[in-house]
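The values are calculated or read from the model by the stated rules, or taken from the named source; none is laboratory data. Everything numeric in this text was worked out from a predicted model, so none of it was measured. All Cβ positions, even for glycine, are placed from backbone atoms using ideal geometry, and neighbour counts span all protein chains on display. Heads up: the accessible areas ignore ligands, DNA and RNA and are worked out on the full protein's heavy atoms, side chains in. Shrake-Rupley method; radii C 1.70, N 1.55, O 1.52, S 1.80 Å.
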Amino acid sequence: MNPLVKIVISALLIGAISEIARCNSNIAALLASLPLISLLAMIWIYHDTHDIERISQFSWSVFWYVLPSLILFIVLPVLLTRWHVPFYFALFIASGVTVLAFFILKTVLKRFGVEL
């Protein structure tokens, strides 16, 4: 599939969710929480390669990476509403904590024989 088509479809999806958020943040949050980007990526991988093993590995990795990414959704609202940290600074801190959580998860999983 043409890379430009992939980019346009993905961008439209993200744009649509951000526009929906203006009217109804709950519906936008529901849509954003769905693994739509992961599903699109799996479709693109399958369409381009038909490599089931690659899709399986991708799906497994997404599962593990979702766990530390949840920390962002805890840290960000706490920084914004309880500590009144300015938005971009709070986003930066929450992202940093999430990256740290990724490294911690990767280290812990490696001890159990799971390679990401």
Candidates Ile27, Ile74, Ile43, filtered to the one that is more than 24 Å from Ala11 (Cβ to Cβ), hydrophobic (A, V, I, L, M, F, W, C) and either open to solvent by less than 90 Å² (accessible area, probe 1.4 Å) or out of contact with any strand residue (DSSP E or B) (no Cβ under 8 Å at 6 or more places or on another chain) (or both): Ile74
Just to verify a result, which residue in the stretch 50-71, among those that are exposed (fewer than 14 other Cβ atoms within 10 Å of the Cβ) and β-branched (Val, Ile, Thr), is nearest to Val108 (Cα to Cα)? Val66
From the residues in the stretch 101-116 that are farther than 12 Å from Trp64 by Cα and outside any helix (DSSP H, G or I), which one is most open to solvent (accessible area, probe 1.4 Å)? Phe112
Candidate set: the stretch 4-24, residues that are of a type outside the set (A, V, I, L, M, F, W, C), in a helix (DSSP H, G or I) and modelled with pLDDT of 90 or more; chosen: the one most open to solvent (accessible area, probe 1.4 Å): Arg22
Show the residue pairs that are 6+ apart or on different chains and have beta-carbon atoms under 8 Å apart, the first residue being within the stretch 1-28 and within 22 Å of Thr49 (Cα to Cα) and free of Cβ contacts under 8 Å to residues at least 60 places away in the same chain, the second being of a type in the set (D, E, K, R) and in a helix (DSSP H, G or I). Met1/Asp48
From Phe63, Phe89, Phe102, residue being modelled with pLDDT of 95 or more and within 19 Å of Ser38 (Cα to Cα): Phe102
Loosely packed, with under 11 Cβ neighbours inside 10 Å and β-branched (Val, Ile, Thr): which single residue out of Thr81, Thr98 fits that description? Thr81
List the pairs whose first member sits in the stretch 40-52 and is charged (D, E, K, R), whose second member is open to solvent by less than 40 Å² (accessible area, probe 1.4 Å), and whose Cβ atoms are under 9 Å apart, counting only residues at least 6 apart or on separate chains? Asp51/Ile45
